[in-house]
1. Restricting attention to the range B:40-52, does a residue exist that is in a loop (DSSP other than H, G, I, E, B), open to solvent by 50 Å² or more (accessible area, probe 1.4 Å) and under 30 Å from B:I217 (Cα atoms)?
2. Among the residues that make up the range B:201-209, is at least one of them β-branched (V, I, T), in contact with a Leu (Cβ under 7 Å, 6 or more places away or on another chain), part of a helix (DSSP H, G or I) and within 14 Å of B:A290 (Cα to Cα)?
3. Just for the range A:284-329: of the residues that are away from chain B (no Cβ under 14 Å) and touching a strand residue (DSSP E or B) at 6+ places or on another chain (Cβ under 7 Å), which one is most open to solvent (accessible area, probe 1.4 Å)?
4. Hey, could you check the range B:305-317 for residues that are open to solvent by less than 10 Å² (accessible area, probe 1.4 Å) and more than 9 Å from every other protein chain (Cβ to nearest Cβ) and say which is nearest to A:F276 (Cα to Cα)?
5. All but one of (1) under 30 Å from B:Y368 (Cα atoms); (2) surrounded by fewer than 19 Cβ atoms within 10 Å (Cβ to Cβ); (3) among the β-branched types (V, I, T) hold for B:I11; state the number of the condition that does not hold.
6. Would you mention how many residues in the range B:471-509 are free of Cβ contacts under 8 Å to residues at least 12 places away in the same chain and among the polar types (S, T, N, Q)?
7. Give me a count of the residues in the range A:42-61 that are in a helix (DSSP H, G or I), within 12 Å of chain B (Cβ to nearest Cβ) and open to solvent by 30 Å² or more (accessible area, probe 1.4 Å).
8. List pairs: first in the range A:19-35 and facing chain B (nearest Cβ under 10 Å), second surrounded by 13 or more Cβ atoms within 10 Å (Cβ to Cβ) and modelled with pLDDT under 65, Cβ under 6 Å, 6+ apart or cross-chain?
Amino acid sequence: MEKLKPNCTDENGKIIWTQCPIASFFERWHIMSWLDERLAISGLWKYVSTKPVPIHKYSGWYSMGGLALFFFLIQCVTGALLMMYYRPGPEAYSSVMQITNEIAYGHLIRSIHHWSANLMIVSVLLHMVSVFYLKSYRKPREFIWFTGILLMIISLAFGFSGYLLPWDELAFYATKIVLQVPEKIPVIGLAISNLIRGGTEVNEYTVQRFFTLHVFILPGILAVLLGIHLGLIQYLGISKPPHVIEEEERTKKSCAWMPFFPNFTLIELGIWLISFAFLVFLAAWVPKELGLQADITKPAPIGIHPEWFFMMPYQILKMIPAKVFGMDGELIGVGIYSLILLIWGLLPFIDPTPKYKKASRIAFWIGTVIIFISVLITIGAYIAVYKIKAGV
Amino acid sequence: MNYPTLEIPYIGSSWFMGIIATFHIWISHFAVGGGIYLVVTEMIARRDKNQDWIQLLKGQTRFFIILTAALGAISGVGIWFTIGLINPQVTSALIHNFVFAWACEWVFFIIEIAAIIVYYYTWDRLDAKTHIRVGWIYAISAWMSLFIINGILCFMLTPGEWIQTRSFYAAFFNPTYWPLLTFRTLFMLAMAGVWFLAATTHYRVKWAGKINEENIIKMTRWLAAWVFPLWISLPLMMWWFVSKLPFDFNEIFKLGISGIGPGNFSVITRMIIFFLFGCVVLGFGVWLTAYLNAHHFVRWHGIVFLALCLALVGAGEMSRELLRKPYTIGNSGQGNGFLYVSGVRVGEEKEFNDKGYLYKSIWAPEIYQSRNAQFNKAKDKSSNSNNTLAIAVLDKSKTFDLSIEQNNLETSSIVKGITDKSTEIKQVNYGKKYSDLSIGKSVFYGQCMNCHTKVGYRGVYPRLAGRDREGIRNLMLMLWDPIEYEKSIYKRFMPPMVGNEMDFESLVDWLDYNVNKPAETQNLVK
């Protein structure tokens, strides 16, 4: 059995990583040998205990992806618990009412599920932004970037499909608004929207459809994509930022690193624990309440809007006039943020290697502008909603 | 109601108090636990002759003295200012009982401050033995201040036999005194560990190269070993405290298990869940990162753990305060209530209901008696008499409302008093009852605003939105009518509304007026 190396230092005598007491405990009691004889895990043990995680100023950002995964696991567990009482279709609202107001700890599980969903999307977005700025999309990691973009879209789809399930007023009208967007796609738009809705209007069949999407189809797709995403990371290794690579080339020395297990794993576990505590705090402090039951005959309440992660496309549609050069304004809006997504997805081709400094700068500014405008428009969208509700 | 009401918009006086008090607890708990930590760690450092640790301790002491002596003192005085403003009745009751205890506490404060100043400035001047003794003087005097204040805080929740005997010692050594003293001592030690963990990560960066990093790692591990068992044991300590409560804690905890609807009072359950969970997370989190992976325990780890620790303080204190509802002194156990949150003493409800809420108010006896007489007279005459609202417009920007019957409008001393060149009286017919909006306002301010705001935290107006006057009246009846109150779901955490019929109808009118603003007054009265 491969023994862990003891305290490892770099040439300046600075300790890079220390042997973890857990590993010592495992070795002293021959636990790993016992497991290896039965499960043949020595290969895995050797891999994780020597897989390098670079140590530099931005190492903290390596945890973002793991955090998104953690929140997804929370979603799976809390989602499974909620599924024990949730009934899609005509009884959707009453089942959520039952969960929130009758079932022991139902409101807590539901609140955790709600906040974990939001934090998962926040983690995914932060992870994506950090990968962008650390240039981890460059060759040979293009497919990690592509699968990551798809995972982000799937996460947003999770948020979208799950939002309707309580079948309250907010959920109903927000879904109705968001589903008006794909209708603008030429030729196939209406068909797509009808397919998603299960008809020409959002109704109780839409709830059942979204439920299947939320608990079966999307998790299946995500599992496959995640497997590819993580598999490629294991195969290609954890990337280093450009300045670290330049330093290595200049000094002809490898940067400091720590083993994935146990050191990086312990850092991840600590972050997961703290994030879990933060999640429970949010669920306890701001529980997810249930609004009035959706009534498809009533007009939309003033100031209705989608969730925060769809506010940017929603506001773009509102900002564009009805007709632009004779073309449908909403169609142009759909085109704009589709183009934004496309450019974002093609960044590995715009900036494939560190050799092309100009391309690197172009990619940097494109991405920064996209991020900045997205944040700005989202804030502007909320200001607009506030003004509408305040009657200003 | 003999004191003016301090109105804090949106957050309310309860949160105003909560923010200042929680801030003080962050500092004061660190002051007690940190003192013990510093002297114990110094003893270890001196025993091992570890000069790097001595250096680190000097840095930690500097951080400690600045934070605790300065901010602790300011926030402590801040609490005095605050409680005098937001709830003078309970402040008066506490001072009358515990002035001697507080005087003792202030003696210990003086010893504390003197000791910590000597401790900090004499690291290199006193011999080790004397310096450690000074440290112990600080630690013991700091703990003694906890010993004293704990009695007063616990008294507010569990006055115990003091209700019957009025004995100082019964009040001080009340049923939850010893459990909470133990709990708080452990909590302070645990909290100090987290504070110093965060500080040590800073010194690790600041003194990189000047101190052997292995010794910093060793201190990080020592702090983690200090913190971990304490945080894990805190939930267990809570069980001792809960077992000493003279009411059924499970009953309160269950209030929030099965729902978060209005009137459920689920916040206490949620805060307790977060507190218990957070303690375990903090303990294991520190063990996993600061103990098992000390080398990679960096500054932001320390800050995040500290933020969680401070949030747990807030959650714990909020839970403790909520357990006391509907009392400020007392609890819901049989015969254990003394003073309601509305400032009314238990047992005085009937007197207020017979004579009126303001009958004892030294600032309004004549006006109040006269209004009572008018109310009874008008009530006898007709049940459909209109109330006339007189609105005095002092200038373009300021208005206030009076409610004066039509007949008395010109002769009323109140109107005469304010009428001058800049005043214009507008008359608007309002409502069907013969009440007084200004009395309704006084009742609202005096009895409701200790816990509620108008439109902010636990805002009353949004909660009543959609109800007409009758709906509002029916809801208020659940708090005013003794029979309805006994059956009401709000009884667990809201005091009964006290006052005679005029007070009640005036309050209903006041609420209806603000929730449903009559059209004629929309642009006139603020």
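The values are calculated or read from the model by the stated rules, or taken from the named source; none is laboratory data. Please read all numbers here as calculations on a predicted model, not as lab measurements. Using ideal geometry, Cβ is built from the backbone for each residue, glycine included, and neighbour counts are taken over all protein chains shown. Note: areas computed on protein heavy atoms with side chains; ligands, DNA, RNA excluded. Shrake-Rupley method; radii C 1.70, N 1.55, O 1.52, S 1.80 Å.
1. Going residue by residue through the range B:40-52, those that are in a loop (DSSP other than H, G, I, E, B) are B:49-50.
The next check asks that each one be open to solvent by 50 Å² or more (accessible area, probe 1.4 Å); those that pass are B:49.
From what's left, under 30 Å from B:I217 (Cα atoms): B:49.
Checked the range B:40-52: at least one residue is in a loop (DSSP other than H, G, I, E, B), open to solvent by 50 Å² or more (accessible area, probe 1.4 Å) and under 30 Å from B:I217 (Cα atoms).
2. Our first condition is that a residue be β-branched (V, I, T); within the range B:201-209, this holds for B:201, B:205.
Pick out the ones that are also in contact with a Leu (Cβ under 7 Å, 6 or more places away or on another chain) and you get none.
No, the range B:201-209 has no match at all.
3. The extreme case among them is A:Q293.
4. The initial filter retains those residues of the range B:305-317 that are open to solvent by less than 10 Å² (accessible area, probe 1.4 Å), namely B:305, B:309, B:312-313, B:315.
Narrowing further to those that are more than 9 Å from every other protein chain (Cβ to nearest Cβ): B:309, B:313.
Values: B:C309: 14, B:V313: 17 Å.
So, considering only residues that are open to solvent by less than 10 Å² (accessible area, probe 1.4 Å) and more than 9 Å from every other protein chain (Cβ to nearest Cβ), the one nearest to A:F276 (Cα to Cα) is B:C309.
5. (1)
6. Within the range B:471-509, residues that are free of Cβ contacts under 8 Å to residues at least 12 places away in the same chain and among the polar types (S, T, N, Q) number 2.
7. Just the residues of the range A:42-61 that are in a helix (DSSP H, G or I), to begin with: A:42-50, A:59-61.
With the extra rule that they be within 12 Å of chain B (Cβ to nearest Cβ), the set shrinks to A:59-61.
Next cut, open to solvent by 30 Å² or more (accessible area, probe 1.4 Å) only: A:60-61.
Adding up the residues that qualify gives 2.
8. Hits for this filter: A:A23/A:L4.
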